[in-house]
Amino acid sequence: MLVAHRVDHIRAAEESEMAALEASGRPAGELMQRAAAALATAVLDELGGGYGRSVLVLANSGGNGGDALHAGARLLRRGVAVRACATSSQGLHRGGAHALLAAGGRTVELGEAEALLQAGRVDLVLDGALGIGGRGGLTGTASRLAEVCARTGARVLAVDLPSGLVADSGAVHESFTATRTVTFGTRRLVHLQQPAASRCGRVEVADIGLRLPEPDLRGWEVADLAAALPVPGPTDHKYSRGVVGLDTGSAQYPGAALLGVLGAVHTGVGMVRYLGSAAETVTARLPNVVTAAGRVQALVLGSGWGADEDGPRRLREAFARTHDEGSALLLDADALAALPALVEDPTPRPAPDRLLLTPHAGELARLLDRDRDDVETDPLGAAREAATRYGATVLLKGASQYVVRPGVDVVDVALPGPAWTGQAGSGDVLAGICGSLLAGGLPAGDAAAAGASLQALAAARHPGPQPPQTLAERLPELVAGLTSAPGATRRRAGTAEVGAQWGP
Ligand SMILES: NC(=O)C1=CN([C@@H]2O[C@H](COP(=O)(O)OP(=O)(O)OC[C@H]3O[C@@H](n4cnc5c(N)ncnc54)[C@H](O)[C@@H]3O)[C@@H](O)[C@H]2O)[C@H](O)CC1
């Protein structure tokens, strides 16, 4: 997992390390020197050497500027020509500027910096204008230089994060766009949250000796996905591998039924029962799908129901049966629309690790009776609120896909995928994928993060305008490749003896 922390946790860890340094008789400034050393190494790597190269350091008076200026001093000693431009009226970080000038660097005003960039005489811009202290957006000199860098295509290496972004948020503001970012001790939330993450380029974490608490955000990697996927063993059969039931689709939206079933069938489950009203559409394409009633270890409801006045009754029945029989329940699309009516309903429902909601931002806004803009401004806060209110695990779908478990502080982010998956039908397929993983025995949080990661990885490996059904059909080769790696684990599926009886 990639781990990321909030600014308050990072600052606390920095303070504690600086106190430890001082207690052992060493200067607290050693921490900044560790950061500067890592930056200088990354710059030399990016430039393929030192002598003859030219770097423009952008710095303010804060710690981010200090890191960049001290790195500049180190680069000067490796033969790099380093100039520094102050991006705020408060000037440059005092200790950093002193070190840079002492090493033979020089400062330039905005006009000269612009001219150097426009003439292509800068091999790399080291962006130390704003770091974790940045409030979002750029003004004055920093704003002007960001515009020139973008226009001239200058190569930018960001110190900690591209200036203008906010460390604890994935929201975009006027900012630099980096090809590479070097951060310290741990990732910041911004490095894992779209759309801002796309401005960070390749992110590297330099070890500067910080002792950090449990992460606030965990980014799934390919190895995490491979380890989570259920793999059948030699004694398995269709029931032991898990049965997923889908009550999805309608006469108006039969395609949603087919797409969900395609997702489920191609992820790797023992049996798929289709229990909605579009059975003919489904079985015409997939004869392996069973339409008879029977036990299911996971039930998927809601995709393509359309406006359904009967939704609350259908949900209540699903709550009672899945709760009593120990099955997992996934609510998507129109089932989510019916959920607010049941917020105080006494019908027992599955525990949070067996109950998964899969809203996009608009659906989450409706679950909370808020505006979509609110959800997009604070996706993690909104997903947390919904998880608590409904006592369920929430997979918030979008450019970054978050998994929030009620009462659990850490939030998971699925593997990122290309924006091509933002198309009609992707959510229906994803519901089927996650349902299949729930039936295979994964707790809701893992099923959500693994399902969203699997679909994103399929899209990343087959880029372009691939329809959701095409990507669903790519899943078997992906699952096979991931699970054939040495060390792939066998996870027990739900047994055939438990599970809700479901069907007409
Ligand atoms: N302390 C250490 O030893 C280490 C620090 N590291 C680096 O330090 C920065 C954090 O430094 P800090 O001084 O707290 O914040 P910034 O450098 O980001 O600058 C804050 C400065 O800027 C002003 N400001 C904030 N937002 C804006 C804005 N939108 N426009 C203009 N000005 C703005 C604000 O008022 C402050 O004056 C961290 O990122 C690291 O790079 C290292 O971690 C090593 C150890």
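Please go through the range 49-75 and pick out each residue that is aliphatic (A, V, I, L, M) and either within 16 Å of the ligand (Cβ to nearest atom) or surrounded by fewer than 22 Cβ atoms within 10 Å (Cβ to Cβ) (or both).
VAL57, LEU58, ALA59, ALA68, LEU69, ALA71, ALA73
So GLU30 passes all but one of these: (1) buried (at least 20 other Cβ atoms within 10 Å of the Cβ); (2) closer than 20 Å to GLU17 by Cβ. Which condition number does it fail?
(1)
Assess whether GLU344 counts as being under 20 Å from GLU363 (Cα atoms) and modelled with pLDDT under 95.
Here the answer is yes, as GLU344 does meet what is asked.
Any idea which of ARG121, ARG83 is farther than 22 Å from LEU138 by Cβ and in the same structural domain as GLY134 (by TED's automatic domain parsing)?
One residue alone meets the criteria, ARG121.
Is it the case that ALA23 is surrounded by fewer than 16 Cβ atoms within 10 Å (Cβ to Cβ), hydrophobic (A, V, I, L, M, F, W, C) and within 16 Å of the ligand (Cβ to nearest atom)? Full working, then the answer.
On the way: surrounded by fewer than 16 Cβ atoms within 10 Å (Cβ to Cβ): yes; hydrophobic (A, V, I, L, M, F, W, C): yes; within 16 Å of the ligand (Cβ to nearest atom): yes.
It is true that ALA23 is surrounded by fewer than 16 Cβ atoms within 10 Å (Cβ to Cβ), hydrophobic (A, V, I, L, M, F, W, C) and within 16 Å of the ligand (Cβ to nearest atom).
Being touching a strand residue (DSSP E or B) at 6+ places or on another chain (Cβ under 8 Å) and either part of a helix (DSSP H, G or I) or of a type in the set (Asp, Glu) (or both) is the filter here; which residues of the range 379-429 pass it?
PRO379, LEU380, ALA382, ALA383, ARG384, ALA386, ALA387, TYR390, ASP412
Only one residue in GLY201, GLY164, GLY185 is open to solvent by 10 Å² or more (accessible area, probe 1.4 Å), modelled with pLDDT of 95 or more and either within 14 Å of the ligand (Cβ to nearest atom) or more than 30 Å from ALA448 (Cα to Cα) (or both). Which one?
Of GLY201, GLY164, GLY185, the one residue that is open to solvent by 10 Å² or more (accessible area, probe 1.4 Å), modelled with pLDDT of 95 or more and either within 14 Å of the ligand (Cβ to nearest atom) or more than 30 Å from ALA448 (Cα to Cα) (or both) is GLY185.
Name the pairs: first residue in the range 1-30 and touching a residue at least 12 places away in the same chain (Cβ under 8 Å) and in the same structural domain as ILE132 (by TED's automatic domain parsing), second residue surrounded by fewer than 18 Cβ atoms within 10 Å (Cβ to Cβ) and assigned to a helix (DSSP H, G or I), Cβ to Cβ under 7 Å, at least 6 apart or on different chains?
Pairs found: GLY29/GLY95.
So for the range 137-150 (the condition being open to solvent by 30 Å² or more (accessible area, probe 1.4 Å), assigned by TED's automatic domain parsing to the domain that holds VAL190, away from the ligand (no atom under 14 Å from the Cβ) and farther than 23 Å from ALA36 by Cα), does at least one residue qualify?
Taking every residue of the range 137-150 in turn, at least one turns out to be open to solvent by 30 Å² or more (accessible area, probe 1.4 Å), assigned by TED's automatic domain parsing to the domain that holds VAL190, away from the ligand (no atom under 14 Å from the Cβ) and farther than 23 Å from ALA36 by Cα.
Pairs please, first residue from the range 371-385 and under 16 Å from GLN194 (Cβ atoms), second anywhere and open to solvent by less than 20 Å² (accessible area, probe 1.4 Å) and polar (S, T, N, Q), Cβ atoms under 8 Å, 6+ apart in sequence or on different chains.
The qualifying pairs are PRO379/GLN193; PRO379/SER400.
Output the residues belonging to the range 204-242 that are at pLDDT 95 or above and among the charged types (D, E, K, R).
GLU204, ASP207, ARG211, GLU214, ASP216, ARG218, GLU221, ASP224
In the range 283-329, which residue that is polar (S, T, N, Q) and touching a strand residue (DSSP E or B) at 6+ places or on another chain (Cβ under 6 Å) is most open to solvent (accessible area, probe 1.4 Å)?
Keep residues of the range 283-329 that are polar (S, T, N, Q), which gives 283, 288, 291, 297, 303, 322, 327.
If we keep only those that are touching a strand residue (DSSP E or B) at 6+ places or on another chain (Cβ under 6 Å) too, we end up with 291, 297, 322, 327.
Values: THR291: 62, GLN297: 10, THR322: 1, SER327: 2 Å².
Ranking the candidates gives THR291 first.
Can you give me the ranges of the helices (runs of 4 or more DSSP H) entirely in the range 330-378 with at least 2 residues that are open to solvent by 60 Å² or more (accessible area, probe 1.4 Å)? Break it down into steps so the answer makes sense when it comes.
Details: elements: 333-338, 361-368, 372-377.
The qualifying helices (runs of 4 or more DSSP H) are 372-377.
Might you let me know whether the range 96-111 holds any residue that is open to solvent by 50 Å² or more (accessible area, probe 1.4 Å), within 10 Å of the ligand (Cβ to nearest atom) and free of Cβ contacts under 8 Å to residues at least 60 places away in the same chain?
For the range 96-111, residues open to solvent by 50 Å² or more (accessible area, probe 1.4 Å), within 10 Å of the ligand (Cβ to nearest atom) and free of Cβ contacts under 8 Å to residues at least 60 places away in the same chain: absent.
Which of the strands (runs of 3 or more DSSP E) contained wholly in the range 251-302 include at least 2 residues that are closer than 20 Å to PRO468 by Cα?
Filter on the range 251-302 gives 271-274, 298-301.
Residue under question is GLY72, and the condition is that it be modelled with pLDDT of 95 or more, out of contact with any Pro (no Cβ under 9 Å at 6 or more places or on another chain) and more than 13 Å from LEU126 (Cα to Cα); does it hold?
The answer is no for GLY72.
Would you be able to tell me the number of residues in the range 303-314 that are without any contact (Cβ under 8 Å) to a residue 40 or more places away in the chain and either under 21 Å from LEU437 (Cα atoms) or in a loop (DSSP other than H, G, I, E, B) (or both)?
Selection size over the range 303-314: 3.
β-branched (Val, Ile, Thr) and open to solvent by 30 Å² or more (accessible area, probe 1.4 Å): does that describe VAL82?
Details: β-branched (Val, Ile, Thr): yes; open to solvent by 30 Å² or more (accessible area, probe 1.4 Å): no.
It is false that VAL82 is β-branched (Val, Ile, Thr) and open to solvent by 30 Å² or more (accessible area, probe 1.4 Å).
Working only within the range 471-483, note down all residues that are out of contact with any Leu (no Cβ under 8 Å at 6 or more places or on another chain) and open to solvent by less than 40 Å² (accessible area, probe 1.4 Å).
In the first step, residues of the range 471-483 are kept if they are out of contact with any Leu (no Cβ under 8 Å at 6 or more places or on another chain); the result is 471, 474, 476-477, 480-481.
Within the range 471-483, just LEU471 meets the criteria.
Hey, any hits in the range 387-396 for a residue that's under 16 Å from the mean Cα position of the chain (by Cα), farther than 21 Å from ARG354 by Cα and not β-branched (Val, Ile, Thr)?
no
Within the group THR347, THR388, which residue is assigned by TED's automatic domain parsing to the domain that holds ALA424, at negative phi, among the β-branched types (Val, Ile, Thr) and touching a residue at least 24 places away in the same chain (Cβ under 8 Å)? Before you say what the answer is, go through the steps one by one.
Numbers: THR388 fails: touching a residue at least 24 places away in the same chain (Cβ under 8 Å).
The unique qualifying residue is THR347.
The values are calculated or read from the model by the stated rules, or taken from the named source; none is laboratory data. Being a predicted model, the structure only gives us computed values, none of them experimental. Positions of Cβ are generated from backbone atoms using ideal geometry, with glycine treated the same way; all protein chains shown enter the neighbour counts. Please note that ligands, DNA and RNA were not included when accessible areas were found on the heavy atoms of the full protein model with its side chains. Shrake-Rupley method; radii C 1.70, N 1.55, O 1.52, S 1.80 Å.
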